[in-house]
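Some notes on the structure that comes next.
The values are calculated or read from the model by the stated rules, or taken from the named source; none is laboratory data. These numbers were taken from a predicted model, which means no experiment stands behind them. Every residue, glycine among them, receives a Cβ derived from its backbone with ideal geometry; neighbour counts consider all protein chains shown. With ligands, DNA and RNA removed, areas are computed over all heavy atoms of the protein, side chains included. Shrake-Rupley method; radii C 1.70, N 1.55, O 1.52, S 1.80 Å.
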Amino acid sequence: MPREDYIVTIGLEVHCQVKTESKMFCPCRTGFGEEPNTNVCPVCLGLPGALPVLNKKAIEQTILAGLLLDCETPETSKWDRKNYFYPDMPKNYQISQFDLPLCIGGKVPLYPQNYPKETQDEILNPGKEVKLTRIHLEEDVAKSTHLANSSVIDFNRAGTPLMEIVSDPDIDTPEEAFAYLKTVQQILIYGGISDADMEKGQLRCDVNVSLRPHGQKELGEKVELKNLNSTSAVRRSLHYEIERQTRELDAGTAQIQSTRRWDDDLGETQLMRTKEDAHDYRYFPDPDLLPVQSGLIVARMRQHVPELPHEKAANYTSKLGLSDYDAAVLTADQQLANYFEAVLGLTPGTLETENFKLKTPAKRAANWVINILLAHLNEAGLSPADCPVPPEKLAATVNLVESGHVSNNQAKEIFEALWQSPEKDPAAIAKELGYEPADTDAIDTLIDEVIAANPDKVAEIQGGNEKLLNFLTGQVMKSSQGKANPKLVTEALRAKLL
Ligand code: ZN
Ligand code: MN
């Protein structure tokens, strides 16, 4: 049977390092890329008798994630020991949450721009929201590195607060899984909850996938793919696994619940273990930790819930008149959205009020930020927060065009100069480049000369061929040596001739 004859069901478990100064149960610093085994203490080394102390910030951030993702936040939440032999966790249990997690339910909207580029025109379920099961908080383990003849271990990561976001088996395609992971990542960064950098292992993902024939109600046996560390690995491994399971089911081989690893270089999954040796974690409440009463924290964190990208984008289209595309690009990155709003002269939050005032027209500013600024940032490998050109100066440049002082092309030259020397003033650069506010009398004389020299074109224009205004504008631009503003010249010609 072809792959289409089976219903594919996918669920994701995303582990995400919460952005905090210190670890989950001890005061050791969190950090990345530091000298191995320097940020450690008896608690995160798992020494006997060491007592854990809760990190309030990690709990707050997890609740904030829950509020952003529309979860319920139960009054009481507790801590459990998940018992397991962990080579990189010497106390042989992980403190996690079993039956009373911090957040329950919730949903993740799949943003269209987060689907793989080449599939964005054919999104199967537009506007889909993937349902969540829960979000709980736990501690990360140490990091083992396997060398040729030995293994080494770094405990700096051990005890880092780790949030686990579990989705329902609500995802239908590898492309949806891709979009889901990207959107989760985007929202976590938006909320300041995590830097969610997959390359740094701050966001890691396990994927469950099962197939069943059409008509069958209960889900097929699930296969779990462990520790995928990029969105493309999630998509590729799922395509591989769906093909593999289709082949086996076609051949009459029933699937058994199993765990597989993805080899990114070989582009294949490999069996790690089957259900027979599935673990019984024997969860039980951690006697060292009291339950958390979340009520007050929830109330406090509600005040910190930022607008989500799609909510911001909706504001951009309805209140600023931007296209869906422009709004999606600008809100994809919160820093870029902040930059854009600063170009408009908005202070944070003002767009949500009714009487906001723009210093720069939104559509023109959006074009500049998307087409010019973003291209420069991408080329230089900079994030919007590190943009050398401050938003006020981009605004000033855009407004030079708006006021008719310079043409759009001239403004681009000004921006190039500004990119090199951001300390300069756009108006001063305009002057240096000779883009002075045109001497209107002189330009007016040039216009009259061009009209006098082209009686046939003038007659045609007056006969209704207004397109020829562009030709005359070009002539004036030439004789002014590019100093005139084409928009103003065309207006003047129109006023004189029509
Ligand atoms: Zn420690
Ligand atoms: Mn976990």
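A few comments on the model shown:
- Residues ILE123 and GLN257, FRET efficiency given R0 of 41 Å [Cβ-Cβ distance, rounded to 0.05]: 0.85
- The range 440-497, dipole about Cα centre (Lys/Arg Cβ +1, Asp/Glu Cβ -1), debye to the nearest 20: 220 debye
- Degrees between helix 334-343 axis and first principal axis of the chain (Cα, 0 to 90, nearest 10): 20 degrees
- Only Lys, Arg, Asp and Glu carry charge here, each on its Cβ (+1 for the first two, -1 for the last two); on that basis the range 60-142 has a dipole of about 200 debye about its Cα centre.
- Candidate residues PHE178, PHE32, PHE25: accessible-area rank, largest first, probe 1.4 Å: PHE32, PHE178, PHE25
- Within the range 316-367, the trypsin sites (Lys or Arg not before Pro) that combine a DSSP coil assignment with at most 12 other C-beta atoms in a 10 angstrom radius are LYS357.
- Cut-off 15 Å, label 7 Å out along Cα→Cβ of PHE32, residues of the range 209-237 by amide N: 229-231
- Percentage, to the nearest whole number, of Cα pairs in the range 3-299 over 30 Å apart: 34 percent
- Ranked by solvent-accessible area (1.4 Å probe, protein heavy atoms only, all chains present), the residues MET477, MET89 order from largest to smallest as MET477, MET89.
- Accessible area of VAL305 in the full protein assembly, 1.4 Å probe (Å², nearest 10): 60 Å²
- Set LYS128/LYS217; LYS19/LYS182; LYS107/LYS319; LYS143/LYS226; LYS91/LYS226 screened for pairs whose C-alpha atoms are more than 20 Å apart: LYS128/LYS217; LYS107/LYS319; LYS91/LYS226
- Inter-centroid distance (Cα atoms) of the range 464-498 relative to the range 384-414, Å: 24 Å
- Taking label points 7 Å from Cα along the Cα-to-Cβ direction, LYS478 and LEU266 give a separation of 6.9 nm.
- Sites listed here are trypsin sites (Lys or Arg not before Pro) in the range 383-472 whose DSSP assignment is loop and whose Cβ has at most 13 other Cβ atoms within 10 Å: LYS467.
- Positive-end residue, the chain charge dipole about Cα centroid, Cβ charges, pick of PHE155, GLN335, GLN186: PHE155
- Fully extended contour minus Cα-Cα distance, from LYS412 to ASP5, at 0.36 nm per residue: 141.1 nm
- Solvent-accessible surface (1.4 angstrom probe) belonging to TRP368, in square angstrom, nearest 10: 10 Å²
- Dividing the Cα radius of gyration of the chain by its Kirkwood radius returns 1.11 for Rg/Rh.
- Legend: calculated FRET efficiency, GLU13 to LYS487, from the Cβ-Cβ distance at R0 = 56 Å, rounded to 0.05, equals 0.50.
- As a calculated quantity, the FRET efficiency between GLU75 and LEU51 at R0 = 41 Å, using C-beta atoms, amounts to about 0.95.
- Segment ASN454-LEU290, length gained on full extension (0.36 nm per residue, minus Cα span): 50.1 nm
- About the Cα centre, charge dipole magnitude for the chain (Lys/Arg +1, Asp/Glu -1 at Cβ), debye: 640 debye
- Label-zone membership for the range 400-420, site GLU379, 7 angstrom Cα→C-beta point, backbone N under 20 Å: 407-420
- Once both labels are positioned 7 Å from their Cα atoms along Cα-to-Cβ, the gap between HIS239 and ASN470 label points is 4.2 nm.
- Potential lengthening between ASP425 and HIS214 on full extension [0.36 nm per residue; Cα-Cα distance subtracted]: 69.4 nm
- Counting only heavy atoms of the protein chains and using a 1.4 Å probe, PHE284 has close to 80 Å² of accessible surface.
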